[in-house]
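First the structure, in the form of structure tokens, and then the observations on it.
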Amino acid sequence: MKKFLVFLLLVLPAVLLTVNTGPNPFAYATEDELDEELVDVETEDGAVVADEAESEDEPETTKSPDADTFLLFTRPLHASGSQLELPAGYAVEFLVGFANKGQFEDFVVETVEASFRYSMDFNYYIQNFSAVAFNREVKPGHEATVSYSFLPSESFAGRPFGLNIALNYRDSRGNQFSEAVFNETIQITEIDEGLDGETFFLYVFLAAIVILLLVLGQQFLGSYGKRKRTTTTRKVVETGTSNSKDVDYEWIPAETLKQLQNSPKSGKVSPKQSPRQRKAKAQAAS
């Protein structure tokens, strides 16, 4: 038993020293090596994402080395700095020119199409316009011009969009080509008109209301004036005899003046007299 304890005391420190100082047989990589591997993986992933982003920003186009294309906007268009502006609600027209600079092969201009893209990523479509088919043959050393037009929606006014105009053509061997003759960001603008239909009808409605109020006011004033004139004519104005400064009553006898004052017209009732009394008064007066 004592020998076993001595053996443990001698062997155990040596085992502990080898465990603490020696390499770990179960460790496959250190932390530094793991960090380096993670950095390499992140850089590779970043490079892949960058390549994908670059490929997404640039739409796929194929162009023949024996062909040249041109673009000319005809109406309506005005430039503001370096960015093109297209009016909302008005037709946009442009010409696409195609030149065959080859010597042996013919080309056939098939279609022209346009589309609005998201300005931050041209792979996102906002609106597709109809593709117009031409199927025009272009001989070596010759040129051809085709026209195209589209109508921007009024709801797009005041917003930037990516405009992509693609020309599709093929050669005599059947090889297909699709070239973006225009692929830039444009601005859709809103044109202020002097008088639109809604404003015109609003003004007409207000004018009709004003005329109706004037007619009603005229009729009311006319009926009120007629009513006032009828009430004034119905009033009876009675004027009796009155002494005026222009009349001289000195030459009239006193009895005659008394009789005039006692007459029914003056408002007093004269007493009844017999014929004799009237005759005597007449003789006295004469």
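Could you run through segment 148-187 and say how many residues are assigned to a strand (DSSP E or B) and among the polar types (S, T, N, Q)? Working first, answer last.
Initially, segment 148-187 is screened for residues assigned to a strand (DSSP E or B), giving 148-150, 159-171, 176-187.
Imposing the further condition that a residue be among the polar types (S, T, N, Q) reduces the set to 149, 164, 168, 176, 178, 183, 185, 187.
Counting residues in segment 148-187 that are assigned to a strand (DSSP E or B) and among the polar types (S, T, N, Q) gives 8.
This table checks each residue for (1) aromatic (Phe, Trp, Tyr); (2) at pLDDT below 95; (3) over 19 Å from residue 62 (Cα atoms); (4) within 30 Å of the chain's Cα centre (by Cα).
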residue: 79; (1), (2), (3), (4): no, yes, yes, yes
residue: 84; (1), (2), (3), (4): no, yes, yes, yes
residue: 104; (1), (2), (3), (4): yes, yes, yes, no
residue: 121; (1), (2), (3), (4): no, yes, yes, yes
residue: 168; (1), (2), (3), (4): no, no, no, no
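Would you mention how many residues in segment 96-117 are among the charged types (D, E, K, R) and in contact with a helix residue (DSSP H, G or I) (Cβ under 8 Å, 6 or more places away or on another chain)? Walk me through it before giving the result.
Restricting attention to segment 96-117, the residues satisfying the condition of being among the charged types (D, E, K, R) are 101, 105-106, 110, 113, 117.
Filter again for in contact with a helix residue (DSSP H, G or I) (Cβ under 8 Å, 6 or more places away or on another chain), leaving none.
The qualifying residues number 0.
Every residue, every condition in (1) in a strand (DSSP E or B); (2) in contact with a Phe, Trp or Tyr (Cβ under 9 Å, 6 or more places away or on another chain), yes or no:
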{"residue": "72", "(1), (2)": "yes, yes"}
{"residue": "95", "(1), (2)": "yes, yes"}
{"residue": "105", "(1), (2)": "no, no"}
{"residue": "110", "(1), (2)": "yes, yes"}
{"residue": "114", "(1), (2)": "yes, yes"}
{"residue": "125", "(1), (2)": "yes, yes"}
{"residue": "130", "(1), (2)": "no, yes"}
{"residue": "135", "(1), (2)": "yes, no"}
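Checking the structure you have, find out if any residue of segment 35-57 is at pLDDT 90 or above, open to solvent by 70 Å² or more (accessible area, probe 1.4 Å) and not in a strand (DSSP E or B).
Checked segment 35-57: no residue is at pLDDT 90 or above, open to solvent by 70 Å² or more (accessible area, probe 1.4 Å) and not in a strand (DSSP E or B).
May I ask you to verify whether residue 135 is of a type in the set (S, T, N, Q) and loosely packed, with under 11 Cβ neighbours inside 10 Å?
Spelling it out, residue 135 is indeed of a type in the set (S, T, N, Q) and loosely packed, with under 11 Cβ neighbours inside 10 Å.
Name every residue in segment 138-160 that is open to solvent by less than 60 Å² (accessible area, probe 1.4 Å) and among the aliphatic types (A, V, I, L, M), in order of residue number.
Across segment 138-160, the qualifying residues are 138, 144, 146, 157.
The values are calculated or read from the model by the stated rules, or taken from the named source; none is laboratory data. The model shown is predicted, which means the values in this text are computed figures rather than measured ones. All Cβ positions, even for glycine, are placed from backbone atoms using ideal geometry, and neighbour counts span all protein chains on display. All accessible areas refer to the heavy atoms of the entire protein, side chains included, with ligands and DNA or RNA removed. Shrake-Rupley method; radii C 1.70, N 1.55, O 1.52, S 1.80 Å.
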